[in-house]
Amino acid sequence: MNFWETITGSDLTREWKTFEARAAALPADHRAAWEEIKVHLLSYGDFTGRNLMPILDGALGLLEETASEGQSVHEVLGDDIGGFCAALAGGEGARNYRDRWREQLNRNVARKLGRPGG
Amino acid sequence: MDDLTEMLKGTLEGCVLEIIGSEETYGYAITRRLNELGFAGVIEGTVYTILLRLEKNGLVQVTKRPSGLGPPRKFYALNDAGRAELATFWAKWEYLSSRIDKLKEGGR
């Protein structure tokens, strides 16, 4: 990633395009699961969403592999796509906005306690 | 047997380690193996997240190989850290199951 890409996020746009091209080649139910996975994973994104790219790449890879083996999406992901995404994001170390709020709250409380009356 | 999922959660990672330990294998084959063992509720997505965790914790060696059809497949083999982790898992399992057996027999 060079400076230009860091500032503009142009590499992300490019990567999104390749993701969508790959997803377009999937069978319909796998494509639907991909849409759902994106929605769930977005809440784990950081400001640019760069942290999600390897996770999305892996999830898409899983869909591609299982589609080529003829498995149904239900066989692969079950009913709980949200849970799958949470495990996925947790495994890759992405934190969601709730984690960040908690952290902020803890920090603020600690600061207040450190300075009584302040 | 239904509804094993909750109980299985803590041990599934060890089961996957054991399967990888016996031969280099890939996600789909691991899921199939677990299903054959009688863990019918285990789905590939679950195995996939476990494999990611093992990879992140540096317990497995990953090799990408072309598959007959579709994208290349990721094959997993244990490294030294993985083998150590597997030994620890079985030691913990021995401990846990012996305690629970004892409880069931009413001993102290």
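The values are calculated or read from the model by the stated rules, or taken from the named source; none is laboratory data. Just so we're clear, the structure is a prediction, and the values are computed from it rather than from any experiment. Virtual Cβ from ideal backbone geometry, glycine too; neighbours counted across all protein chains shown.
Checking the stated criteria, A:L60 turns out not to satisfy the condition of being under 12 Å from the mean Cα position of the chain (by Cα) and without any contact (Cβ under 8 Å) to a residue 12 or more places away in the chain. Evaluation of A:I7 against the conditions (1) at pLDDT 90 or above; (2) over 17 Å from the mean Cα position of the chain (by Cα); (3) β-branched (V, I, T) shows that the sole unmet condition is (1).
Highlighted here are the helices (runs of 4 or more DSSP H) found entirely within the stretch B:1-104 that include at least 3 residues which are modelled with pLDDT under 90 and within 14 Å of chain A (Cβ to nearest Cβ): B:5-22. If you go through the stretch B:53-73 and keep only what is surrounded by fewer than 19 Cβ atoms within 10 Å (Cβ to Cβ) and under 16 Å from the mean Cα position of the chain (by Cα), you end up with B:R53, B:E55, B:K56, B:N57, B:G58, B:Q61, B:V62. Within the stretch B:1-12, none of the residues are crowded, with 20+ Cβ neighbours inside 10 Å and aliphatic (A, V, I, L, M). Checking the structure you have, find out if any residue of the stretch A:92-114 is in a helix (DSSP H, G or I), surrounded by 16 or more Cβ atoms within 10 Å (Cβ to Cβ), of a type in the set (K, R) and out of contact with any strand residue (DSSP E or B) (no Cβ under 7 Å at 6 or more places or on another chain). No, the stretch A:92-114 has no match at all. Out of all the residues in the stretch A:44-54, is one or more β-branched (V, I, T), in contact with an Asp or Glu (Cβ under 9 Å, 6 or more places away or on another chain) and touching a residue at least 24 places away in the same chain (Cβ under 8 Å)? For the stretch A:44-54, residues β-branched (V, I, T), in contact with an Asp or Glu (Cβ under 9 Å, 6 or more places away or on another chain) and touching a residue at least 24 places away in the same chain (Cβ under 8 Å): absent. Restricting the stretch A:51-82 to residues that are facing chain B (nearest Cβ under 9 Å) and assigned to a loop (DSSP other than H, G, I, E, B), the residue that is surrounded by the fewest Cβ atoms within 10 Å (Cβ to Cβ) is A:D80.
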